[in-house]
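Asker: Could you have a look at this structure, given as structure tokens, before my questions?
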């Protein structure tokens, strides 16, 4: 009986990887014979690379640094968020006190100050996240993170160049999708674009911070919950890429060659510029698109004016009627109609989930936090499942718009269908596992 073995089985590695390693080994051997150089001590870069590029320690170090980024983000941004929240709360109270017309007072206080203020309060953590990522990029580490992740990504069907767009997706999926243009293979590029919406963009961060703060009593538990969303997004992106590679886009990703930059001390000017260039998109969206969503939610929650008594009886409002129509879809997850409505408007922009809560409750971010605690809308289990759903479901409208420029229409249509299906499946799995281990 004869047995045939593949090249991968014989070599213990993918042939493309082995060829690349042998090629560089041959180059190094030739250089040894033709180039003479003085014996030099190992440079600082060599010492750091020995640790950061370690085959075993490389990925744990990357995850540890990622966790440190989020701890930095929340710790340093909290005082600034509190100041913004106090300002909008004071502004809303001032409007109620000095505007005689009740409808106009409700519009300024409950619509503009409460709704928009509940979104703008997340400017500090978003900018801090971009600041931390800019430091990692400018110091030369992010390129090494791509190198460390390449071997694992190759085996799971993703191209090494996919890593940078995926990391960029932590900021915003739109420039991340545009960054895939550097990937030569069309199959690799399509796979990267399809899985990129699973990376937690900055628009989802306000939702995570709000819900995690409600369902967990300590900041460490809340930070761990938020961090888990980013890890889960990476895991789902990799798993989806593996499935796509085995079914829709059969074949192997192209080999990945990357020149590693030297380690450098980031300059404050450069890091600040990178932070601003990425963060300004949130300000633009908050000042235009999200503002429009918040006003629509306010109008639907206070009209008909007489029936709602100016928004005090929200159960009689148009938005409550709509919420009760879609509530049965989400009731098995333990979410009420308000949570369902927030998810609906979150399709337009993920930040609008928090803005919708703010408009529905007529309060700012801190008020939303207190109101959710008092109302007990979420348990730790249902709240965590809600965070998972927000992570996975529909790419926002702007992301779908950029997909239309980069992909054929059939793949643009496929993206929201598969992400919505995956959101229901994974959230249901969270609920089921939670019940099995005794959570309620």
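Asker: Please order 98, 324 by the number of other Cβ within 10 Å, starting at the fewest.
Answerer: Least crowded to most crowded, the residues run 98, 324.
Asker: Quote to one decimal, in nm, the extra length available between residue 65 and residue 32 on full extension: 0.36 nm per residue of separation minus the C-alpha distance between them.
Answerer: So the extension gain works out to 8.2 nm.
Asker: Same structure again: Taking R0 as 60 Å, what's the FRET efficiency between residue 406 and residue 436 from their Cβ-Cβ distance, rounded to 0.05?
Answerer: 0.90
Asker: What is the calculated FRET efficiency for residue 263 to residue 182, with r their C-beta to C-beta distance and R₀ = 25 Å, to the nearest 0.05?
Answerer: 0.65
Asker: Using only the Cα atoms of segment 307-407, what semi-axes does the equivalent ellipsoid have when each is the square root of 5 times a gyration tensor eigenvalue? Give whole Å, largest first.
Answerer: Over the Cα atoms of segment 307-407, the semi-axes work out to 25, 17, 14 Å.
Asker: For the chain, what does the helix formula give at 222 nm: sum of -39500 (n - 2.57) over DSSP H segments with n ≥ 4, over the residue count, nearest 500 deg cm²/dmol?
Answerer: Helix-only estimate at 222 nm: -22500 deg cm²/dmol.
Asker: Another one. Rank by packing, highest mean first: peptides 345-355, 232-242, 414-424, with packing defined as the count of other Cβ atoms within 10 Å averaged across residues.
Answerer: Packing order, densest peptide first, comes out as 345-355, 232-242, 414-424.
Asker: Identify which of 228, 81, 200 has the largest mean-square fluctuation in a Gaussian network model of the chain, with springs joining Cα atoms closer than 10 Å.
Answerer: Highest fluctuation among the options: 228.
Asker: How large is log10 of I(q)/I(0) for the chain at q = 0.09, 0.11, 0.12, 0.13 Å⁻¹ when the intensity is taken from the Debye formula with one equal scatterer per alpha-carbon?
Answerer: -0.63, -0.90, -1.04, -1.19
Asker: Cα centroid distance between segment 118-138 and segment 372-440, in Å?
Answerer: The two parts, judged by their Cα centres, are 23 Å apart.
Asker: Considering the chain as a Gaussian network with a 10 Å cut-off on Cα pairs, which listed residue, 96, 32, 327, attains the greatest mean-square fluctuation?
Answerer: Largest GNM mean-square fluctuation: 32.
Asker: I need the peptides 271-277, 407-413 ranked by packing, meaning the mean over residues of other C-beta atoms within 10 angstrom, with the highest value on top.
Answerer: Descending packing order for the listed peptides: 271-277, 407-413.
Asker: Right, next: Mind sorting 31, 361, 94 by how few other Cβ atoms lie within 10 Å of their own Cβ, fewest first?
Answerer: 31, 94, 361
Asker: Turning to a different aspect of this structure: Using a Gaussian network model of the chain whose springs link C-alpha atoms within less than 10 Å, name the residue from 404, 381, 391 with the highest mean-square fluctuation.
Answerer: Checking each option, the largest mean-square fluctuation is seen for 404.
Readers should treat all values here as calculations from the given coordinates under stated rules, not as data from a laboratory. Values in this document were obtained by computation on a predicted structure and should not be read as measured data. Cβ coordinates were reconstructed from backbone atoms using ideal geometry, including for glycine residues, and neighbour counts include every protein chain displayed.
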